[in-house]
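Every number in this text was worked out from the coordinates using simple rules, so none of it is lab data. Computed from a predicted model, the values in this text were never measured in an experiment. Every residue, glycine among them, receives a Cβ derived from its backbone with ideal geometry; neighbour counts consider all protein chains shown.
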Amino acid sequence: MTDHHTGGAGLAPEDLAGFTLGAVVVLVWLGLAVLYLLAVRAAALRGRSAWPVRRSVSWFAGVGLGLVAVGPLARAAGGSLSAHMAVHLVLGMLVPLLLVLGAPATLFLRAVPGAIGRRYSRVMGAAPVRVVAHPVTAALLATGPMALLYWDGTALGLLHHPVSGPLLHVHFVASGALFAYAVVGVDPNRHRAAVGLRATVIVATIAVHGVVAKHLYAVAGQGLPADTEQAAQLMYYGGDAVHALLLVVFCAQVYREGGRRLRHSGPPGTAAALPGPVV
């Protein structure tokens with residue numbers, strides 16, 4: 001006879017909900033890949049110039065890593081804080097950066113009629129969207145919950161809950177993508193913050209990430225999982241590696257923008273002596 005407290009397959013209600021939510025997340029990742037391909041095709045049919053291969057590679061690398069993180073890595077994270085920390089680094093930092101560098105909004109604008117593109121631009125220019133996409137707001141959304149989650153280990157149970165775990169993964173990706181868009185986004189942004197402010201926010205988030213990792217290392221052994229020290233080290237050094245990549249992208253963008261200003265503002269006859277565009 002089937003237990004009334006379990007589903008027909010012998011799963012507890014919360015486990016069934018977690019399984020369903022996990023399946024939805026996987027379908028969303030696959031959907032992102034399909035939609036991107038359809039958008040590339042639609043842009044080509046509209047006669048747009050060829051879509052840069054590097055943008056597609058970045059997007060599909062992000063989607064692929066996202067699938068790995070919610071699949072094998074997520075299953076390993078059930079019994080290992082270090083594995084979960086790897087999920088955090090991949091979903092919260094690396095995947096969002098790769099997705100943002102895929103320039104999905106630019107591709108969308110190429111693929112849709114002009115009227116839809118204008119409506120999209122009006123929505124993105126609205127005050128609430130501008131506030132949420134501001135570097136300071138985006139940084140708070142990305143680092144605040146992360147700090148609360150990892151600070152002293154009291155909230156670590158949320159990481160392995162069948163429902164809150166997948167929801168946290170969604171938060172990691174969404175907040176990470178919002179932050180990456182705010183500081184190094186390549187899609188159109190008429191209200192992009194000044195270089196100095198974006199640089200300050202990046203440095204501040206690096207500091208917050210490092211402080212949280214060091215504190216987690218300091219409280220390891222106080223009733224936390226046995227691999228807490230290893231997880232804290234992974235958070236610290238792995239975070240530095242992704243932050244270094246973020247800084248490389250940021251500096252390349254600043255260099256490229258500076259070169260464009262020099263070419264446009266230099267005296268007549270000097271443009272040919274200046275370096276060409278940075279790819």
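Tabulated results
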quantity: Residue-span extension gain [Val203 to Ala218] - 0.36 nm each, minus C-alpha spacing; calculated: 3.1 nm
quantity: Computed [θ] at 222 nm, deg cm²/dmol, the chain (DSSP H ≥ 4; -39,500 (n - 2.57); rounded to nearest 500); calculated: -23000 deg cm²/dmol
quantity: Order of Trp29, Trp59 - criterion: other Cβ atoms within 10 Å of each residue's Cβ, fewest first; calculated: Trp29, Trp59
quantity: Val132-Arg48 FRET efficiency (beta carbon distance; Förster radius 22 Å; 0.05 resolution); calculated: 0.15
quantity: Rg over Rh, two decimals, the range 144-205 (C-alpha only, Kirkwood Rh); calculated: 1.10
quantity: Relative exposure of Val132, Val53, Val90, Val249, judged by other C-beta atoms within 10 Å (fewest first); calculated: Val53, Val132, Val249, Val90
quantity: Total formal charge among the other residues, if their Cβ is under 15 angstrom from that of Met235, Lys/Arg +1 and Asp/Glu -1; calculated: -3
quantity: In Hz, Karplus ³J(HN,Hα) per residue of the range 173-183 (6.51, -1.76, 1.60; θ = phi - 60°; x = Gly, Pro); calculated: 5, 5, 5, x, 5, 4, 5, 4, 4, 5, 9
quantity: Ranking of Ile206, Ile116 by count of other Cβ atoms within 10 Å, fewest first; calculated: Ile116, Ile206
quantity: Calculated SAXS-style log₁₀ I(q)/I(0) at q = 0.14, 0.17, 0.18 Å⁻¹ - the range 79-209, Debye, Cα scatterers; calculated: -0.69, -0.94, -1.01
quantity: Inter-probe distance in nm under a simple model that places probes 7 Å from Cα toward Cβ, at Gln230 and Val57; calculated: 3.3 nm
quantity: Rg followed by Dmax, in Å, when the chain is reduced to its Cα trace; calculated: 21.5, 88
quantity: Taking only Cα atoms of the range 139-261, radius of gyration then Dmax in Å; calculated: 16.5, 56
quantity: Span from the the range 184-257 Cα centroid across to the the range 55-72 one, whole angstrom; calculated: 20 Å
quantity: Largest to smallest principal axis extent of the C-alpha atoms in the range 126-170, angstrom; calculated: 37, 22, 10
